[in-house]
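The block underneath contains the structure these notes are about, expressed in structure tokens.
Computed from the coordinates by the stated procedures, all read-outs in this text should not be read as laboratory data. Computed from a prediction, not measured in an experiment: that's the story for all the values here. Methodologically, a virtual Cβ is constructed for each residue, glycine included, from the backbone with ideal geometry; neighbour enumeration extends over all protein chains shown.
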Amino acid sequence: MDKRATHIQQWIDAYSDTLLDSALFLLSDKQDAEDIVQNVFISAFESYSSFEGRSSVKTWLMAILKNKVAEFYRKKYRHIDNVPLDRYFDQEGSWKNDDILQDWNEKDENLLDNNDFNKVMAECIDKLPLKWLIPVKLYYLEEKKADKVCQETGITATNLWKILQRGRMQLRECLEFNWFNIL
Amino acid sequence: MVRRLIHILFMPCRQATLLIEKRNAGSITSFQKIRLSAHLMICKWCNAYNRKINVMEDLMKKIFTQDAPEKFNKTDLQLFKDKLKEKLK
């Protein structure tokens with residue numbers, strides 16, 4: 001085996017689990033995750049010479065993964081024509097009801113240390129449609145660089161803001177219903 | 001009545017909540033920033049939303065940037081590795 005093949009074999013052993021878990025987290029589908037990670041390694045194999053060791057192998061592979069996920073998204077959801085907000089706002093754009101005014105009364109600063117809360121949060125996240133969830137996750141993974149996410153996924157800037165806005169409204173609603181017991 | 005006034009004078013809440021996203025991403029223009037502050041000052045609905053969003057922003061950032069939960073079992077993982085290694089020899 002040449003040097004390239006040896007390295008790739010080692011990388012498959014070392015990084016498959018991290019990449020698969022990340023891919024599954026982003027795509028919420030096991031088969032899609034396996035397909036995409038396989039493509040990551042094929043790309044790494046083909047562009048091996050362009051890896052210059054400037055970043056760690058893991059960082060490089062993760063960057064390829066993010067690209068592949070964006071590409072997957074682009075192909076699957078070619079058109080995001082409208083992000084409806086009529087569940088929350090009336091025709092004039094005012095809040096439909098007063099739920100939003102109720103405080104969360106959450107004194108506990110470290111909600112994420114609470115396993116029950118984490119469970120509710122995970123369930124609420126899973127309820128978001130992938131069409132919105134993937135860009136939201138990518139947005140955070142790319143350290144909130146909106147232009148980068150737009151460029152990779154082909155979403156317009158306006159639509160990315162709307163997706164974030166809509167996704168967050170729905171998450172908030174779900175958390176209020178299932179955790180803060182407001183709705 | 002108040003809502004109607006807010007809508008006319010300081011953009012609709014639908015727009016203000018979008019600007020909150022832009023602000024949190026650091027992509028807001030100075031003009032938009034002023035409009036948003038004015039809106040938040042007089043609109044108790046968006047003001048309440050803004051407070052909740054700040055909590056959520058923190059939660060989401062932590063959840064979405066931490067290591068993904070381990071969900072693949074050992075057998076599947078080994079099978080995946082073996083197949084792929086055979087392919088990329």
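What the table shows:
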{"quantity": "Three-way shape call for the range A:47-150 based on the alpha-carbon gyration tensor, with the a/c threshold at 1.5", "calculated": "oblate"}
{"quantity": "Centroid-to-centroid separation of the range A:17-33 and the range A:100-150 [C-alpha atoms, Å]", "calculated": "18"}
{"quantity": "Charge dipole (the protein assembly as shown, unit charges on Cβ, about Cα centre) - positive-most of A:ILE64, A:THR18, A:HIS79", "calculated": "A:HIS79"}
{"quantity": "Spatially proximal aspartates and glutamates relative to A:LYS75 (Cα-Cα < 18 Å; intrachain offsets below 8 disregarded)", "calculated": "A:ASP29, A:ASP32, A:GLU34, A:ASP35, A:GLU152"}
{"quantity": "Estimated dipole of the range B:2-87 in Debye, rounded to 20 [Cβ of Lys and Arg +1, of Asp and Glu -1, Cα centre]", "calculated": "360"}
{"quantity": "Filtered GluC sites (Glu not before Pro), chain B: DSSP coil and at most 11 other beta carbons within 10 Å", "calculated": "none"}
{"quantity": "The range A:3-76, dipole about Cα centre (Lys/Arg Cβ +1, Asp/Glu Cβ -1), debye to the nearest 20", "calculated": "280"}
{"quantity": "Reachable lysines from A:LYS144, criterion Cα separation under 21 angstrom, eight or more residues apart if same chain", "calculated": "A:LYS58, A:LYS66, A:LYS68, A:LYS131, A:LYS162, B:LYS22, B:LYS33, B:LYS52, B:LYS61, B:LYS62"}
